[in-house]
Amino acid sequence: MIENYIRNLFTLEGKVALVTGGGRGIGQVIARELARCGADIAIFSRSGAPETVKIIQGEGGRALDILADVTDEAQVASGIAQIIEHYGHLDIVINNAGVCYHKDIFEASVEEWRQCLEINLTGEYIVCREAARAMIDGNIAGSIINIASVSGHVVNIPQCQAAYNASKAGVIHMTKSLAIELVDKNIRVNSISPGYVATPMATDPAFVEPELLAAWQPLFPMHRMAKPEELCGAILWLCSKSAGYTTGADIIIDGGYGVI
């Protein structure tokens with residue numbers, strides 16, 4: 001009886017979910033977990049996501065790999081049209097694609113500033129807009145979840161990343177604004193703000209200077225980074241009908257990093 005009750009609250013069976021940036025890292029884990037809860041998956045990425053598709057299909061799920069740059073309005077609209085053609089509808093969006101530069105105001109170029117805001121903020125806005133169109137056209141009670149960051153709430157140290165921080169702060173307030181715009185359309189819009197997550201982009205010396213990794217470690221109240229899977233409980237809840245009265249929320253998942 002308990003098992004059936006929990007399943008009924010959180011199942012995503014019959015739902016179709018789009019995950020942007022789902023070819024690796026956090027996006028790949030999110031796509032896999034959504035599929036495990038019964039959702040059919042579509043992935044947007046600029047270079048393809050064959051590994052994610054293989055993982056999901058290997059576990060009995062369904063996944064669609066779509067080449068799409070979230071900053072390109074035409075590609076996003078075309079990609080969502082492919083989802084509708086393939087699955088018939090779109091219920092859930094996880095706006096995960098993003099980029100970060102660890103450069104101070106004098107080192108970072110204006111082009112890098114623009115690229116960070118274009119991908120992290122404008123790209124999420126475009127996906128929200130086009131997905132909302134499809135949800136409204138399909139009379140879908142939709143759930144859009146934007147991936148923000150604890151960096152939208154606090155200034156990380158010691159690295160300098162003003163562009164990233166500004167973009168993620170923008171995502172949080174955009175989420176609240178779109179939640180109100182779309183509430184009468186039966187579309188919920190929320191965000192999560194992760195802290196440091198143990199993916200190659202945050203732990204591999206090829207992407208992050210060893211000096212930064214060493215400086216970050218003493219700052220974690222829980223003495224470690226998050227596992228990508230530890231973001232998924234909040235995401236799955238926000239996708240499910242048990243979160244039916246939640247919109248405009250931002251859930252911080254940072255192990256206490258932003259509290260101190």
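Among the aliphatic types (A, V, I, L, M), out of contact with any helix residue (DSSP H, G or I) (no Cβ under 6 Å at 6 or more places or on another chain) and closer than 23 Å to residue 113 by Cα: which single residue out of 212, 238 fits that description? Talk me through it step by step, then tell me what you get.
Working: 238 fails: closer than 23 Å to residue 113 by Cα.
Criteria check complete, one pass: 212.
Okay, residues lined up against (1) more than 17 Å from the chain's Cα centre (by Cα); (2) at pLDDT below 95:
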{"site": "173", "(1), (2)": "no, no"}
{"site": "181", "(1), (2)": "yes, no"}
{"site": "199", "(1), (2)": "no, yes"}
{"site": "205", "(1), (2)": "yes, yes"}
{"site": "210", "(1), (2)": "yes, yes"}
{"site": "216", "(1), (2)": "yes, yes"}
{"site": "251", "(1), (2)": "no, no"}
{"site": "260", "(1), (2)": "yes, yes"}
Conditions (1) touching a residue at least 24 places away in the same chain (Cβ under 8 Å); (2) closer than 30 Å to residue 106 by Cβ; (3) not aromatic (Phe, Trp, Tyr): number failed by residue 173: (1)
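Anything in region 123-140 that is of a type in the set (Val, Ile, Thr) and in a loop (DSSP other than H, G, I, E, B)? List them, or say none.
Initial filter on region 123-140 (of a type in the set (Val, Ile, Thr)): 126-127, 136, 140.
Within region 123-140, just 140 meets the criteria.
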Filter result (more than 21 Å from residue 10 (Cα to Cα), in a helix (DSSP H, G or I) and touching a strand residue (DSSP E or B) at 6+ places or on another chain (Cβ under 6 Å)) within region 184-239: none
Region 1-107: strands (runs of 3 or more DSSP E) wholly inside it with 2 or more residues that are open to solvent by 70 Å² or more (accessible area, probe 1.4 Å) and in contact with a Lys or Arg (Cβ under 9 Å, 6 or more places away or on another chain) are none
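Looking for something surrounded by fewer than 15 Cβ atoms within 10 Å (Cβ to Cβ), in a helix (DSSP H, G or I) and not β-branched (Val, Ile, Thr) - is there at least one such residue anywhere in region 149-162?
Taking region 149-162 first, the residues surrounded by fewer than 15 Cβ atoms within 10 Å (Cβ to Cβ) are 155, 157-158.
Okay, now just the ones that are also in a helix (DSSP H, G or I), so none.
No, the conditions are met nowhere in region 149-162.
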What pairs come up if the first residue lies in region 1-12 and is closer than 12 Å to residue 236 by Cα, the second is basic (Lys, Arg) and modelled with pLDDT under 75, and their beta carbons are under 8 Å apart, counting only those six or more places apart or on different chains? none
Quick check: is even one residue across region 110-117 free of Cβ contacts under 8 Å to residues at least 12 places away in the same chain and either more than 28 Å from residue 257 (Cα to Cα) or touching a helix residue (DSSP H, G or I) at 6+ places or on another chain (Cβ under 7 Å) (or both)? yes
Single unsatisfied condition, residue 178 versus (1) under 22 Å from residue 253 (Cα atoms); (2) assigned to a helix (DSSP H, G or I); (3) without any contact (Cβ under 8 Å) to a residue 60 or more places away in the chain; (4) out of contact with any strand residue (DSSP E or B) (no Cβ under 7 Å at 6 or more places or on another chain): (4)
Looking only at residues that are open to solvent by 50 Å² or more (accessible area, probe 1.4 Å) and either aliphatic (A, V, I, L, M) or without any contact (Cβ under 8 Å) to a residue 12 or more places away in the chain (or both) in region 236-260, which one is farthest from residue 193 (Cα to Cα)? 245
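The values are calculated or read from the model by the stated rules, or taken from the named source; none is laboratory data. Because the structure is a prediction, the values reported are computed rather than measured. Don't worry about glycine lacking a Cβ; one is built from the backbone with ideal geometry, like all the others, and counts go over all protein chains shown. Heads up: the accessible areas ignore ligands, DNA and RNA and are worked out on the full protein's heavy atoms, side chains in. Shrake-Rupley method; radii C 1.70, N 1.55, O 1.52, S 1.80 Å.
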